[in-house]
Each structure stands twice: as structure tokens, then as C-alpha cells.
1. Using only Cα atoms and rounding to the nearest 10 degrees, what angle (0 to 90) does helix B:7-18 make with the longest principal axis of chain B?
2. Hey, what angle do you get for helix B:72-81 against the long axis of chain B, alpha-carbon based, 0 to 90 degrees rounded to 10?
3. Counting pairs of alpha carbon atoms under 8 Å apart in space and at least six apart in sequence, what relative contact order in percent does the range B:279-370 give?
4. Give the angle, between 0 and 90 degrees and rounded to the nearest 10, that separates the Cα long axis of helix B:200-209 from the longest principal axis of the Cα atoms of chain B.
5. How high is the FRET efficiency between residue B:88 and residue A:363 when r is their beta carbon distance and R₀ equals 60 Å, given to the nearest 0.05?
6. Got a sec? How would A:249, B:90 order by Cβ neighbour count within 10 Å, fewest to most?
7. Between A:345, A:137, A:110, find the one with the highest GNM mean-square fluctuation for chain A; connect C-alpha pairs within less than 10 Å.
8. Quick one: Cα centre-to-centre distance for the range B:81-104 and the range A:231-276, in angstrom?
């Protein structure tokens, strides 16, 4: 069984815990002028007024003028997040964190030690409350997709168990928007077809869905039937971290490709850093217009998670290691392997100001991204 | 020109000089060793355009004078295969003949006049170090150099010359090796304001040329180069350009614990701990407890190891993570039975390994960023 544990209004709850006088008042974390005017988190009091995260702060203030506005302390939230993860790891080593306040746990192998999956979910909730004075919502189900929907259903302080026989009954009444991968565009198509619930979608034949959505059609069909085979992958088990993108139109211009590469590297580097990993081998993947796909890789002198260092390697592969005359490119991918999860690095006797500066830059950029989303800050050379 | 020499002496001298001959070069002429004969003496000369080397061939007989270029790898191969004790060389207009027993080789030659010159040791003012001491000092520092460094000139060994002592220092910025020994002077050599840095290739060649360590090494320093003479060998090297960091600042003045260690058992434990490390996870935890040092290592997909040894430590428990290769590098250049002091500050600060004969090695740990 899989647990999805999602902390309730995490940043705001941590602030309330630190300053009990805030309890009962609407609290907005972020949203001040300095933090670029976006709400990073809002407690449930503030949400009653319609405030939610990623909302423009001006609007949030108009909706809830008496809210207490707090400057985010991401470092501190990260340390609390580690304490939460420590609790998870006392029940199972199979923990896959999604962000600071959210994780999947595979507790199948822990049941003989700690009781049923539902019991484990309750114990985890209880320990987070007792030890950290915070509340979490927990979803328990046979797979990730259902567990995640379950944890969101009764927030805050929710606890929802979906046994395998109850999946269909659980999913059918939910709106199709809950399906992972259904966004505005797909949602509009479903709307046209008058498909509003997962149950209605489930009635559609697979062939019809693939006709409408291609490969994604099968994905929706599976989810609607409660099928999701994704494993819980602890970070330290990951062998590589990569990201790729298929362009709307094939690209021949090397400068445009370079800009896309910046985006890919940024994302991969951020994931490395979030998981305290460093990679030593970088790989570039290129698919040409005729679908021929090649990869080029190189090994660095030492493992790194510094965006700039990974980018330099990626640019070298892109500009020097591809065939000198090649077709336009339809897909570009960047990955890092040979991961070092020790979280430690060799210290140096003499200052390495460049490296320290790059690390600081990454750290600040990560914080901004964590707070305000990845559009909030970008390298000057990236894609607009 | 004709020359008769002992095969062993010629081979030894030729091998020494071949060390400077570049394996890859755009100047083909440098792939040769130049033979110079005159006044009953023979000298072999090699040059890689930064470092030049002259080596006298002992026990030769010749009443002629002249010079020739010998293709290095070919002649080395010939010398390796010959068996008779006496080798005769003859240089005619366009070829060099090597004759030994029933074997005869004729090797075509390039014009020796085109070979770039190599300085001789002409100085009257110079520094003097016993050859054995210099050889040991080079062995104790050369492994810590770093030719990749771009920020500092770390591709060589810094040589601090004084009237009474010589100090060599080398670092790759992760560890630092410093060794000092007594020296003397002849004449009045100028003490340089900025200590020169000598390329590690040149230092390696000097170390080899010191042979069995008998005699003294003479060191003359000039504006842009250094010339070192020992017995029949002279090496002239350009200096490494760029700044060598002020290493004195990173050698701590005081420590929180000092542990007396014997090389052999510690080296054995470190070698064992190195087995379960990988390219990706180099670190080994050195866990200092009362009376016990435990080395813990683990690497994903490989496994883990735990090696314990008794040590004379009764300070607070402390775990420092080191790249064991750096620790082993130090232990490798010490005698198995010798002692040293392991000096610690804290779990995330540098450690020093110090011998009683003025050898200090500072190594940085692995630790969490920030």
C-alpha cells in the first residue's frame, strides 16, 4: 500500500507554531513587496477569504486586508521538512519526497512490523502532531494516484483510506480535472464531450480515447480505472536525473537550442540540489527531424550540482560533440548520472570564490523558485 | 667521431635523459637525444623546450670530437636488447652506427645543429643540499601538485631557498605537503623575494637524477629558470608562472587533539577502507572514539566496510570524513615502522599529519556544503 502525506498549509503552520499569537488569524507567507508580490502560502483562516498560494499579493491584500504577512524562511521550513522525513523513515525506507511538504511512502513491507497501512498512516499523523506540533493529511491506497487524491479529499487534518475494492466507487464521482495530466486544454475537450466525472470517462472505450488524445488517451483510461504502476522511488536509489522536451517545431538555430538547454539544465540541477545529490556524468540526448536519436556524454572531474558547471558541460556537448552538419532537432534532453548522495564534498584549503558564488546563486534561485514557481527567476540566456 | 663505452653506463645515462624527451611534441627534433663528445668525455642532452637535461656518460673512451642526434625510443630499444658489455658508437656524415658484439645498427640522423641549446651549470653562487635529503623531500611533496589548477600555479613545487634551510611545498588545494631540511650555500647566492615554483615534471626528473642519493645537489636560481646539478647530471627548468598560494596561512597554529600514530597499522586500515569506495562516493568516515579509531565506508551498489584499530586517543568522540586516497598518499612516502602525529581540530576542519623530521601534511575533510 502507498501513503501520500501532505502537510497542511505547511509554511503558514510552521509560522503559527513558532508564534502562537497567529493562531486563528489569517496568515499569508510571502506576498510582501520584497518577495515579488506573490503569495507563497496561506493558512486556512486566510483561505476562507479566497487567498491561495501563487496569488498576486495585491489581490490577496484586497481580499483579506487584516491578514498577517510574514516573510518566508525557506531554510527553516527545509529543516522542519527533514524532521518530517525522519519520522517517515522510521516506518519505511521507501520514501519519495515530492517537495518540502509532500511525500509518497511505500509501506507494503512494513505492515508486519507496524500494523496495517492505515495504522501506519495514523501513527505517522499522530507523531507529526505530537513531535512537531503540525498537522498532515494522509491518503492511503494501493497506488500513488489514488493515494494522492485521497490525501487531498478531507484537508486539513484529513485521513482517507481507499481499499482496493473501493477504488471505483471512490473515483467515479470525482471531476475529471483530478486526473493527473488533465489541464486546461484536455479539460476543454472533455467538457465538449460532456464528460465531467471520472466515472463518465471510465465508460469511454480505450480506442476512442487514444483516437482523441494519442498516447495520453491510454494514460487517462488507466487512471480512470484506478490503474497506476508507478513505483515509489527513494531519491538515493535514483540512478540518474534527467529532463527532456519535444519542440512544437523542429529547431535548427543553435542559439535557440542553447537557450532550451539552459531550461533543461536548470531543472535537472535544481532536482539534484533538492535531493542533496551531485552528478559526475552528464548526457545530452538529441532526436533529429527524422527521429534518429543520439546521446553524447562526458564525465566531469568531480561530482557537482552547480547549474553553471553542468551547463558548461551541456553546452560543450551541444556545440562540439554533435555531427557538424545535422538536421533540425525535434527533441532535446539533458541528464546527469553517477550520482553521489553523500551530501558531502571535498573542502579546499584556499577559497574558491567562483564556486562559492555559484553555489550561493543556486541557493537563492532555488529559494525563489520554491516560493514563487519556476517562472519567477531565470537565467538571462533562457527561453522566454 | 667514435666513442667506446660501457653498455650499463650508457644505458643508465640514456634512460635518465630520455625522461625529459617529450612523447608528444610539434617539434620533431625534440624526440631525439643529443650526444656530445669531446675531450675524452661524452654527454647526453635532452630537451622538451621547458626543461633541459645534460647527463655525462661515465667510463667512455674517445679521442674524437663531434655530436649527433639519437632517435630516443629506437636507441632505448637497442640498448635494452644488447648483451655485450662494450658498445661502440660511430657517427658518419648522415648516420649513427651502434655496434655491440655481433650486432650492428645504422640509424639515420637529423642535423644536431638544429637541436635547441641546454644550459650548463656555470654559477659560482649557489645553494647546496645533500642529494639524499633532496630526493626524500621531492618524494614527500610531488604527489600533492595539481597541473589542472587554473586559479593558482599549483603544477609544481614551491622551493624556498635560504642560507641554512630549504623548504619544499606542494598543494592541489585539497591537501598540502610541506617539508624542510638543512641546506648550505657556496658563494653568495641571492635569496629570492618570491620563492620559485618548479614544474613537477622537472622535480620528478631531478629526483630520478639524484640516483642512489650520494653526493650533493647544487641549485642555482635565475630570473626565469633554475639549474640543478648533481654528480654528472644537470637539469635546467623554466619556472612555473603565476601565483602560488600563501600556504602558511592554512597550516593551523594549534589543534585540539594530537594522536601519536605508527604508519604501518594505520596505512593498512586506510587501504582496507578504500576498497569500498567509488568514483561517486569517495568519503570514508574516520570515527575517533576513546582508544579506538573506526573507519566506516559505504558506497551505493558496492557495500560497506568497518575497520577498527586501537589508537591513543581519549578526547571527545568525533567523526571526520576524508578522501582516503589523500591520507594514503602521505603514508605511502613514509617508512612502515615510522611514527607521526595526527593533529585534529574538529569534525569539519583540516587535519595535520606531522613527522618529527619537519614534514607537515595538511588535508581537508569532506563536509556538507555551508
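1. Long axis of B:7-18 versus the principal axis of chain B: about 60 degrees.
2. The helix B:72-81 is inclined about 90 degrees to chain B.
3. It rounds to 23 percent for the range B:279-370.
4. The helix B:200-209 is inclined about 70 degrees to chain B.
5. Calculated value: 0.25.
6. Going from sparsest to densest Cβ surroundings: A:249, B:90.
7. Result for chain A, Cα springs under 10 Å: A:345 fluctuates most.
8. With the range B:81-104 and the range A:231-276 each reduced to a Cα centre, they are spaced 65 Å.
Bear in mind these aren't lab numbers, they're just calculated from the coordinates by the rules spelled out. Worth saying up front: this structure is predicted, and the values here are computed from it rather than measured. FYI the Cβ positions are ideal-geometry reconstructions off the backbone, even for glycines, and counts take in every protein chain you see.
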